[in-house]
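The values are calculated or read from the model by the stated rules, or taken from the named source; none is laboratory data. In this text, all values refer to a predicted model and were calculated from it rather than measured experimentally. Cβ sites come from the backbone with ideal geometry, for glycine too, and all protein chains shown count toward neighbours. Quick note on the areas: whole protein, heavy atoms, side chains included, nothing else; ligands and nucleic acids left out. Shrake-Rupley method; radii C 1.70, N 1.55, O 1.52, S 1.80 Å.
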Amino acid sequence: MSDPAATPRAEPAPPGVMVIFGAHGDLTKRKLFPALYYLARDGLLDPRFTLLGVDHVDSDTDAYRAYLDETMAEFLGDALSADRWAALRERVHYLRGDFLQDESFRELAQRLAEITDVEEIPDDYLFYMATPPRFFGEIALRLGQAGLAREADGRWRRLVVEKPFGSDLQSARALNATLHEAFDESQIYRIDHYLGKETVQNILMYRLANSTVEPIWNHRYIDHVQITVAETVGVENRAGYYEHAGALRDMVPNHLLALLSIVAMEPANALDGEAIRDEQAKVLNSVRPLEPEEVLTQAVRGQYGPGHLADGTPVPGYREEPGVAPDSNTETYVAMKLMIDSWRWACVPFYLRTGKRMRGRYTEIAVQFKHAPNMMFKDSLVRRANIPPNVLILRIQPDEGIGMCFNAKVPNPMPQLSQVEMDFNYADYFGQAPTTGYETLIYDCLCGDPTLFKRADVIEAGWSLVEPVLDVWRALPPRNFPNYPAGGWGPQEAERLVHADGRGWRKCAHAKKR
Ligand code: BG6
């Protein structure tokens, strides 16, 4: 077995200035600064890396650093070392600015020139839009007008766009067009934080670096695939956004389809951003869009009512959550069946489901193999036991790992089988370093590696697939909401979706603790 500690370490990212629009926002304090801290701790930021926070809050560099002292203590707790934070803190600056005022962008250009001059660092800029989505296009255009998007003399200028990227196909296309007015596609990094998760990145490695896996990764051996993203949290304090988004827009065109594309894509001819994203676009374009009448039978929506968490705590229904309309028809659960029109996946359904206030928090991909022929066992007890199929479980979170369910002989004079699970747990092999999932993404942006970011065509392919569902659901409001209790496994209709094909949803469970 190779020694994980002997793995070669990555080099620090090249120096540059990272500009965060939305410096006082939630994402910045919860994810971006903790991720930068972990990168600095691990020696993955150049010592000259500099950060400029921009926001409308009336503040200055000293006050902003003091604000960060508090947020870092809050979000990193014991993981924060005062010395390490002090070194990064020194590299942080603040500029008060209005995202809709041209003047703010002239000041930004001036401030960036001063910083790069004083710090003697190259004028390479990473612009990170951690703002509400209505500002994405406005900021990009103003960066362009201020001359900050232009790459000349070997300098780089990159733009990071957070989710949500549009609210349907039309708005996503319009946003792409606006961004392209100022930035070239090669400069745009669209984030899907699922792609930053180690275990998601591992899916491709697992598939392609193990010679026993890829030969059976097709319709000859695989019966179907289930992709589950179950959350125990409710809408939290995000009703303002969620009431308009709903589970379909919030999770499917981005996270669930990102998982599907990695499981289903063809191998790329190199570990290269364009080659990999070409394959992801191809597989999403081969998913058969649902016809309007198919939406009625192959897509299910749900909304949680009052219920209990797994520990018995009572929780309110979605319509009773703060900021939610008492007659809201927003869905908090979606299940869908999708088919991929390719040789590899002919007749292999992909069942997707995601919901809030579910029984447990599980993100996993279950690949169920076809039944083994059982003529040898036909007259034995085994036949009566109805040999269960093998299932490969890629556990994304929590308990990151890979499990394989297979059948083993029960120690007994009688020929009897029982399903057992072989289990690989990430933490056992590689330890458990605290991360936010954003470290890799920020590091890759600074290094200019676009592999884990969504290209314009991949974004549009995702929206094209949910568009028919959005249309039908808009035209036919639900009549039975709420239709599942908080703390349950979703609506009955979702069970029927898979039962209609003679299948059942996998009962997710945490990996066995040793
Ligand atoms: C976000 C969604 O993109 O992903 C949230 O807007 C959801 O509604 C979150 O809770 C889930 O992310 P994770 O990393 O906790 O699985």
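I need the P(r) histogram for the chain: all alpha carbon pairs, bin width 10 Å from 0 out to the longest distance, whole percents. With 10 Å bins starting at 0, P(r) equals 3, 17, 27, 26, 17, 7, 2, 1, 0. DSSP bridge analysis restricted to the chain gives an antiparallel fraction near 55%, rounded to the nearest 5. Here the chain has 52 percent of its accessible surface on carbon and sulfur atoms, given a 1.4 Å probe and all protein chains in place. Packing here is the average count of other Cβ atoms within 10 Å per residue, and on that basis the peptides 239-249, 10-20, 472-482, highest first, run 10-20, 239-249, 472-482.
The Cβ shell under 13 Å around Val348 holds other residues with a net charge of +3, Lys and Arg each +1, Asp and Glu each -1.
Relative to the 2.2 N^0.38 Å rule of thumb, region 308-351 has a C-alpha radius of gyration ratio of 1.96. Between the listed residues Asn210, Gly53, Ile442, the Cα displaced farthest toward the positive end of the dipole of the chain, a dipole computed from Cβ unit charges relative to the Cα centre, is found at Asn210. By the equivalent-ellipsoid construction on the alpha carbon gyration tensor, region 198-249 comes out with semi-axes of 36, 14, 9 Å, ordered largest to smallest. So what's the net charge close to Pro15: Lys and Arg +1, Asp and Glu -1, counting the other residues with Cβ under 15 Å from its Cβ? Residues close to Pro15 contribute a combined charge of -3. Normalised by residue count, region 1-97 yields a Cα convex hull volume of 111 Å³ per residue. The shape of region 327-462 comes out prolate: with a ≥ b ≥ c from the C-alpha gyration tensor, a/c is at least 1.5 and a/b beats b/c.
If you count Lys pairs in the chain whose Cα atoms are under 15 Å apart, skipping same-chain pairs closer than 8 places in sequence, the total is 5. Charge tally around Ala299: other residues with Cβ under 14 Å, Lys/Arg +1 each, Asp/Glu -1 each, net 0. By definition, a body whose alpha carbon gyration tensor gives a ≥ b ≥ c is oblate when a/c is 1.5 or more and a/b is not larger than b/c, and region 451-514 fits this oblate description.
In a simple Cβ point-charge model (Lys, Arg +1; Asp, Glu -1; nothing else charged), the chain has a dipole of about 2460 debye relative to its Cα centre. Counting every alpha-carbon pair across region 89-197, the share separated by more than 17 Å comes to 57%.
Over region 156-312, what relative contact order in percent results from Cα pairs under 8 Å that are six or more residues apart?
Details: 78 pairs, mean separation 29.4, N = 157.
Computed over region 156-312, the figure is 19 percent.
Considering helices alone, the calculated mean residue ellipticity of the chain at 222 nm is -10500 deg cm²/dmol, with DSSP H runs of length four and up weighted by -39500 (n - 2.57) and normalised per residue. For the chain, the residue among Leu195, Pro326, Gly154 whose Cα projects farthest onto the positive side of the dipole built from Cβ charges is Pro326. Looking at the square roots a ≥ b ≥ c of the eigenvalues of the Cα gyration tensor of region 70-132, which shape do they give, rounded for a/c under 1.5, prolate if a/b is larger than b/c, or oblate? It comes out oblate by the Cα gyration axes.
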